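Before any comments, here is the structure.
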Amino acid sequence: MVSERGLQVLRAIVQDYVDTNEPVGSKTIVDRHQFGVSAATIRNDMALLEDEELIAAPHTSSGRVPTDKGYRVFVDHLSQLRPLSGAQRAAISTFLADPVDLDDMLTRTVRALTQLTGQVAIVQYPSFARASVSHVEFVHLGGARVVVIVVTDTGRTSQRVAFLQGDLDESGVAEVKGRLAALVTGRPVAEAAQAIADLIALPEESGQASPEASTPVDAAMRTVARIVAEELDEFRQDKLVMAGTATLARREGDFRGSIYPLLEAIEEQVTLLRLMGEMVADEQGLAASIGRENAPFGLGEASIVTSDYAGAGTRSRVGLLGPMRMDYPTNLAAVRAVAHYLSRLLVEDESSR
């Protein structure tokens, strides 16, 4: 058990160490903070914190630094988050104003967060498990090239260039579009993907080509259907958008070991998706996973803080990844503010469709 003053001393050590990157001693605490007690009393409090493995001495006769357990206690006892300044809030508003589409919105989100905090910023795409295909559009570029655009009712958009087998005139393009739209429009993504899979599989299952297989329209239909199937499968995959990976190299000294496991997790995404999925949020939607808590994911030297945001009828997460020595109050406030803004934009977008 840690006394109230012990928690205040821990708070002072965390704040000073984050600010200075130097071990914190009792005299420094007395000089910088108004405890109204002697350095000897502070040393006694620090000894008790060390017994609880909340702080540690990196070198003999040095000051103390927080452990991952100490950071956890500090975060769990945060009475309030450090509010963002007016300039920071204005920066978020400017960054996220008038996005072109969902992809653009999420890309802007992580750029804003990494600029505000200096950490790696991460945002999950909303889950599209319950999304439906709302629109299919073609843009004929002439000859055998067509841009295929697929839109869901949750705002997710994809576009791919299809290279058809042989030229199609405008009426042929319109026929392919009409057939494909009739097949997938208004269906949930999973159902639409299955309908296309059934269409593509029909000739192989029957053991003979259909009568229309040789026509340019039918060949184009198959080519486009395969592309749409790939895009719908992409819609169904969990996905992250990230920014600020270069900040890890600039803060490599904050990690006792190699930063390679973090770079690998960022590149592969699966590890981060699992970690973020298992984090337990508080009543405000905020969550933090610190140090050894991340060891099962190979990220025992890192911390991640997240906030839930609402979109596409589900809750997803936006967060920050960095070393344990991070400004938790400010970073948690930043992810919360961005999450609130992102939720509002998504709700406004859904209501406008």
Quiz item: Using a probe of 1.4 angstrom, how much of the accessible area of the range 262-301 is carbon and sulfur, in percent?
Solution: 48 percent
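Sequence gap at least 6, Cα distance under 8 Å: using those rules, report the relative contact order of the chain to the nearest whole percent.
Values: 557 pairs, mean separation 63.4, N = 353.
Answer for the chain is 18 percent.
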Quiz item: Tell me, what is the FRET efficiency for residue 22 and residue 94 to the nearest 0.05, using R0 = 35 angstrom and their Cβ-Cβ distance as r?
Solution: 0.50
Quiz item: With r defined as the distance between the Cβ atoms of residue 268 and residue 182 and R0 fixed at 45 Å, what FRET efficiency is calculated, to the nearest 0.05?
Solution: 0.70
Quiz prompt | Inter-label distance for residue 278 and residue 80, nm, one decimal - labels placed 7 Å from Cα along Cα-to-Cβ | solution = 3.5 nm
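Taking only C-alpha pairs under 8 Å that are 6+ residues apart, what is the relative contact order of the range 1-112 in percent?
Across the range 1-112, relative contact order equals 23 percent.
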Quiz prompt | Inter-probe distance in nm under a simple model that places probes 7 Å from Cα toward Cβ, at residue 53 and residue 258 | solution = 2.7 nm
Exercise. Please report, as a whole percent, how much of the solvent-accessible surface of the range 77-141 comes from carbon and sulfur atoms (probe radius 1.4 Å).
Key: 50 percent
Quiz item: Using a Gaussian network for the chain with springs between C-alpha atoms less than 10 Å apart, which of these wobbles most: 304, 196, 290?
Solution: 196
Quiz item: Taking the chain as a Gaussian network, where each spring joins two C-alpha atoms under 10 Å apart, which residue of 132, 343, 171 fluctuates the most?
Solution: 171
Self-check item: GNM result for the chain, Cα springs below 10 Å: residue of 307, 127, 62 fluctuating most strongly
Solution: 62
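Please work out the average accessible area per residue across the chain, using the 1.4 Å probe convention, and give it in Å².
On the way: 17110 Å² over 353 residues.
That works out to 48 Å² per residue.
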Quiz prompt | Rough spin-label spacing in nm, given labels placed 7 Å along Cα→Cβ, for residue 40 and residue 144 | solution = 9.0 nm
Quiz prompt | Estimated 222 nm signal from helices in the chain, with DSSP H stretches of n ≥ 4 weighted -39500 (n - 2.57), rounded to 500 | solution = -16000 deg cm²/dmol
Practice problem: Quantify, in whole percent, the carbon and sulfur part of the accessible surface of the range 1-46 (1.4 Å probe; protein heavy atoms only). | Solution: 45 percent
Quiz item: Can you tell which of 66, 107, 25 lies farthest toward the positive end of the dipole of the range 1-155, using +1 and -1 charges on the Cβ of basic and acidic side chains (Lys, Arg; Asp, Glu)?
Solution: 25
Quiz item: What full-extension length gain, to one decimal in nm, is calculated for residue 165 and residue 197 as 0.36 nm per residue of separation minus the Cα-Cα distance?
Solution: 9.5 nm
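Per 0.36 nm of contour for each residue apart, how much would the distance between residue 1 and residue 295 grow if the chain were fully extended, relative to their Cα-Cα spacing?
Difference between extended and current length: 103.3 nm.
The values are calculated or read from the model by the stated rules, or taken from the named source; none is laboratory data. Since the model is a prediction, treat every value here as computed from it, not as a measurement. With ideal geometry, Cβ positions are generated from the backbone for all residues, glycine too; neighbour counts draw on all protein chains shown. Protein only, heavy atoms only, side chains kept; ligands, DNA and RNA dropped before computing areas. Shrake-Rupley method; radii C 1.70, N 1.55, O 1.52, S 1.80 Å.
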